[in-house]
């Protein structure tokens, strides 16, 4: 029985790996180990670890690694702490393969720890291009990983060019779309009550047009976040439509975004904005299916939105160069430009679904590969 | 004035960057900052930091980062500690560019710290292939670095293939060969007295044939080191020649090597081996010029040896696929095979010099590039 | 010139040492060094470090040490990180004496770091009894400190009984009361506009009777905080008076308190509560001078309140056994008991001032002692 | 079943707690948990953890915590790392009581971790006076501990004076003397072969007079160690007797001692000194029973020596004020003074046994107390 250790570091991580976790757990030749870490453990990000447990997964370790401060300095230090702590975890759990997701500091910490401990590393969502600090991390992790699970075709080609063995690269699609596909197939079952019972601010009737805003700090533009979120909030306010606004993730600069949101809420909000720390994924996907326009810089506006056909206004540099569908309009962090793009998307309405990032069966493929793949712990470049 | 911060983590680091440090320090548009860390601070590696100071460099920070234990677990943890500590150092020194050397855990820690703190990273000796854990680290660092100083031609081509901007890659040669060239030009000035006054064991007359052994642990073969060094020591003993034996570096597994050396010394040494913790580089280079054969798995046996023309027997996997000259015979960690290869090299004698890894002017080129180069802190892959 | 390094870890710390910092800075034989750490660096505690700077003090180092999570586990880890980080700070600043305040985890971290680095430690507010985890920490720090600045007479006696040299103990009073005295002398100068322009919830007219609530988690009652704060809020609501409510400090359990406050605000608040993350000390003291009753478990309700004569209802175990004046009524965390005690205090009105914790000249005394005191770095118990 | 977690951090720790571990393991109402940490994990201190396992104890966790460097700075940092790491261990093992031994940095780290995690702490060897940095640590730990196991009568009285509850103090004697008593009762069974087969230098015939030297760095005299050990070695050399010399522990300054030993060995040793990294305790005790004189500053020269009746010359300040028997002569770190004292002890011969530090039944008493004791997790001082 191969022991497969999945490291879940955030809500986004979890929805990007949950279907694979289920498939690993159900596979006769695999034993699943789950490590919850980083923002997945924190109350202010909605205790994702509790959700993982309530989904029936056993948590093998809880690894606190985030330093307070949310500056570039504390982000570096959090990565260092994560490396120290996850090394102990892997030393104790002795997995055959560690699965790490994406490109964040818990991903980097996981990678360093497994590398020095001679444990095989599988990486999901490698090979994508975004033009941010996350991109450097993503490609660096590719150079450490032994098994690659990219989510789209251009990512596969990029990983090959990076000198990885073609037989180590498995084009499985994004496991998050497995969840999205499942939710879209069962939209009537989604309990939408959190929309009215949770969050802060006025409740919103989603049978009428509304906007979603999901905007995160850009770590290389540290200090600009407050103005950036204010531009977006004001552009949305100008449309007159009600809006659902999500709090930012925990990257360096999130306090700037949060401060902008608080200022807007206290001084400019005329009562049709509703702020959520987080939403269950099924509620979120149903909102994406219904929204007049999704605004922000979340990858969801590129990836989920392509599959669902959500009209999307993508802001600034955070998703630069990520492969995208016809449903996306890219604009700068400029109030007028944002307003114009939103109006255009409202006018257009929903787009047809595109399968760029997967067909809804990624999890099963990942488990099958993990059960049978081979690797050399000492990697070498192909050229 | 650009502030250039050089992180020195070991004796090998220092000799690989010293000529560049001198050139940076002397450059009218650059200010040199020096951070000593990792084994460069430790008594049992000969207090390299004192040497740096006695060479006239000011030490801006001393960063302890090594955990005792020398297991894969503590190696991972040391990297984490280094990340935490170096982040504070860079936060305080506020360099424009950090220069990191090679592929070791202080290199990795330096890289993570600068990356999250949005500081430009220059990397020396990228793009080389060795087939070990260090290779993954080296290529990953290339994906983080903004300015590349590879030491040889095939390394340049590999960095381009890795998707780095060609204008960010500067084929300067290895700065260590600047030192080697200088020593070779002044062999008569070298004070060889450490050969007789230091180390443990019988003194050796270097006017007669002798062998050098320099063997380090292979981190992916943790646990095998004791037998590996015993094979080498016994093969050398069988030649009947006296030998100079160097203690291993501080990688995971070095205690195994050291234990093997102690056992040999106490029970099998017949009195013609001399053990050194370390040697001044000029003494070492003069020994390489004079030795009948250099045995081991140090990169010096590939790089310095090509330039000097030293007959070299390279052991096992540690230097796999590194570009090499005609002077190298590769063998497995097998006593008989080692013995045969040594005999062949003794018979052959010195080889002609080859310039694969540089012409002795790398340091000056590095300083000139650092004074004028441009970079985008947000990197993106070229394909 | 003796170098005196003051470590400021929180808003409370700062007001407890500010007058001493001023006196040290002005002393001809002393050089002040200021290290800001722990919650003093965090936005969500109101960036105390900015306040320190705007008061004209230079910040010699900023040391992040808090891990996110606010559980007992992360509290222990934060202390460990603080020890690691502060050791580097002291190594670089090379103070002759480090001044540490009170009994929190940054105090403990400061103490361990100075102890192993053979630096003299001065400790303020030692010798007090509270019956909480902080008490153990406080007495332990006394056993490490070389110079003691207790704030009241029974604390002096306790430090002597703990086996410290009588000549190392200086009964100076609490420097915080230096600030309080100064504010009370100039009440008309206090700018009370933050009461109306900041915080969340309805503004309060302080010329009419109002209540203050300041309640922190009890670290040894982890998990009970939500119910505890709800009891207090409901008891206050029952009085019908408006209230000013302060957010808790960052101890383990503060998220419980915060959650209780948010629940109350969203579901039970009828519109006469005003919530503040923090208040300038002069505003806070003027509120204490005017309030009908201060409720909670903050030490301010014991110490400042004695000096000011504020009617105070002290809740639960957090201030157990601290010397107190006639102005304090102690009750359990029980809604009815709290309500009854508040009513009694409202009826009573203001009390006469008592000087138990100082006369307003502590800072000057501390600086004078630091300039002339002697110590043996190797301490030994007096019995 | 109460879970009792014993933290073993060094060879000295282990011999000071082994008999209690055995008694806990055998007790029907207790479950033993063993955590190996600090120098107990390191090869260069002889892998004490292997000895613990070969004695039949299961190791529940191995916690690396030592930073390389052995300076005051790294000592502080090691304590911080230990706190971080041990907190995770206790979080996972969830002991009812943690047992910590003595006064070293792993003891301090253990104490901080348990304190913030609300776990009861039992402390052995509290209340003793030595006049070193260890003494401050020891008394501070007393102020955190809930259950006290002092080894001698004056220590009991001191703990009471420190304000601890008399019913929490149990005068059990030192468990190390349980081992010593057992060995003394079975001297003929001791396998003395390590004396000839291990160590470095000439073998020694223990049927003829010989001297033992066991000298550790004094952390508050950092930098003086090299001269101190040279004084001792030369004084012993002057007697003409052969000597068994033990390597120092891992405190700050141990490299100084080690350097002094290496210099002596290489340049002044005339061939009758035998150097041991460590010795099995039974071998060591039999040597103490046979030696003409034990020289150094180890506590063994005070405690074990009193029980065995070994003539002992105690050097310098490290054991200042520890209760001692008639068998001890105290001298400064002065070559002539040491020589004179050794001569006097050789002339005197063995002393009668004294029971100051225990009667050989401490372990059993400790287990019985741990099985039945009560405590309040919130401590308060008795005055």
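Being at the interface with another protein chain (Cβ under 8 Å from one of its Cβ atoms), buried (at least 22 other Cβ atoms within 10 Å of the Cβ) and part of a helix (DSSP H, G or I) holds for only one residue in C:23, C:109, and it is C:109. Being touching a helix residue (DSSP H, G or I) at 6+ places or on another chain (Cβ under 8 Å) and away from chain B (no Cβ under 14 Å) holds for only one residue in A:54, A:78, A:10, and it is A:10. For the range C:286-294, the criterion of being assigned to a loop (DSSP other than H, G, I, E, B) and within 14 Å of another protein chain (Cβ to nearest Cβ) is met by none of the residues.
Every residue, every condition in (1) closer than 21 Å to residue A:219 by Cα; (2) surrounded by fewer than 16 Cβ atoms within 10 Å (Cβ to Cβ); (3) at pLDDT below 95; (4) in the same structural domain as residue A:40 (by TED's automatic domain parsing), yes or no:
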{"position": "A:265", "(1), (2), (3), (4)": "no, no, yes, no"}
{"position": "A:271", "(1), (2), (3), (4)": "no, yes, yes, no"}
{"position": "A:286", "(1), (2), (3), (4)": "no, no, no, no"}
{"position": "A:291", "(1), (2), (3), (4)": "no, no, no, no"}
{"position": "A:300", "(1), (2), (3), (4)": "yes, no, yes, no"}
{"position": "A:305", "(1), (2), (3), (4)": "no, no, no, no"}
{"position": "A:311", "(1), (2), (3), (4)": "no, no, no, no"}
{"position": "A:325", "(1), (2), (3), (4)": "no, no, yes, no"}
{"position": "A:341", "(1), (2), (3), (4)": "no, no, no, no"}
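Of the residues making up the range C:365-380, those that are modelled with pLDDT of 95 or more and either within 14 Å of chain D (Cβ to nearest Cβ) or not in a loop (DSSP other than H, G, I, E, B) (or both) are C:365, C:366, C:367, C:368, C:369, C:370, C:371, C:372, C:375.
For residue B:320, the conditions (1) more than 14 Å from chain A (Cβ to nearest Cβ); (2) not in a helix (DSSP H, G or I) are fulfilled apart from (1). Every listed requirement among (1) under 26 Å from residue B:319 (Cα atoms); (2) surrounded by fewer than 24 Cβ atoms within 10 Å (Cβ to Cβ); (3) away from chain A (no Cβ under 11 Å) is met by residue B:96 save one, (1). Has the range C:62-71 got any residue that is modelled with pLDDT of 95 or more, facing chain D (nearest Cβ under 10 Å), in a helix (DSSP H, G or I) and more than 24 Å from residue C:372 (Cα to Cα)? Within the range C:62-71 (the criterion being modelled with pLDDT of 95 or more, facing chain D (nearest Cβ under 10 Å), in a helix (DSSP H, G or I) and more than 24 Å from residue C:372 (Cα to Cα)), the answer is no, since none of the residues qualifies.
Taken over the range B:215-226, the criterion of being within 22 Å of residue B:272 (Cβ to Cβ) and in a helix (DSSP H, G or I) is satisfied by B:226 alone. Reported count of residues in the range D:244-285, each being in contact (Cβ under 8 Å) with a residue 60 or more places away in the chain, under 23 Å from residue D:43 (Cβ atoms) and part of a helix (DSSP H, G or I), is 6.
Residue D:122 passes every criterion in (1) assigned to a helix (DSSP H, G or I); (2) at pLDDT 95 or above; (3) away from chain C (no Cβ under 14 Å); (4) buried (at least 22 other Cβ atoms within 10 Å of the Cβ) apart from (1). Check whether at least one residue in the range A:35-45 is within 8 Å of another protein chain (Cβ to nearest Cβ), without any contact (Cβ under 8 Å) to a residue 24 or more places away in the chain and touching a helix residue (DSSP H, G or I) at 6+ places or on another chain (Cβ under 6 Å), and report yes or no. Within the range A:35-45, one or more residues are within 8 Å of another protein chain (Cβ to nearest Cβ), without any contact (Cβ under 8 Å) to a residue 24 or more places away in the chain and touching a helix residue (DSSP H, G or I) at 6+ places or on another chain (Cβ under 6 Å). Only one of D:198, D:226 is under 28 Å from residue B:42 (Cα atoms) and touching a helix residue (DSSP H, G or I) at 6+ places or on another chain (Cβ under 9 Å); which? Testing whether each residue is under 28 Å from residue B:42 (Cα atoms) and touching a helix residue (DSSP H, G or I) at 6+ places or on another chain (Cβ under 9 Å) leaves just D:226. Among the residues of the range D:353-364, the ones that are at pLDDT 95 or above and surrounded by fewer than 21 Cβ atoms within 10 Å (Cβ to Cβ) come to 1 in all. The residue that is nearest to residue B:22 (Cα to Cα), counting only those in the range B:42-70 that are over 19 Å from the mean Cα position of the chain (by Cα) and buried (at least 23 other Cβ atoms within 10 Å of the Cβ), is B:63. For the range B:151-167, filtering for residues that are touching a strand residue (DSSP E or B) at 6+ places or on another chain (Cβ under 8 Å) and either free of Cβ contacts under 8 Å to residues at least 24 places away in the same chain or farther than 11 Å from residue B:323 by Cβ (or both) leaves 4.
Being crowded, with 23+ Cβ neighbours inside 10 Å, in contact with a helix residue (DSSP H, G or I) (Cβ under 9 Å, 6 or more places away or on another chain), under 25 Å from residue D:358 (Cα atoms) and within 14 Å of another protein chain (Cβ to nearest Cβ) is a property that residue D:115 lacks.
Only one entry in C:318, C:303 is in contact (Cβ under 8 Å) with a residue 60 or more places away in the chain and closer than 20 Å to residue C:333 by Cβ, namely C:318.
Looking at residue C:141, is it in a helix (DSSP H, G or I) and more than 7 Å from every other protein chain (Cβ to nearest Cβ)? Taking the combined requirement at face value, the residue satisfies it. When residue A:174 is tested against (1) within 11 Å of chain B (Cβ to nearest Cβ); (2) in contact (Cβ under 8 Å) with a residue 12 or more places away in the chain, exactly one condition is not met: (1). Whether a residue is outside any helix (DSSP H, G or I) and at pLDDT below 95 was assessed, and residue B:127 does not pass this test.
The values are calculated or read from the model by the stated rules, or taken from the named source; none is laboratory data. Nothing here was measured: the structure is a model prediction, and the numbers come from that model. Note that each Cβ is placed from the backbone with ideal geometry, even for glycine, and that neighbours are counted across all protein chains shown.
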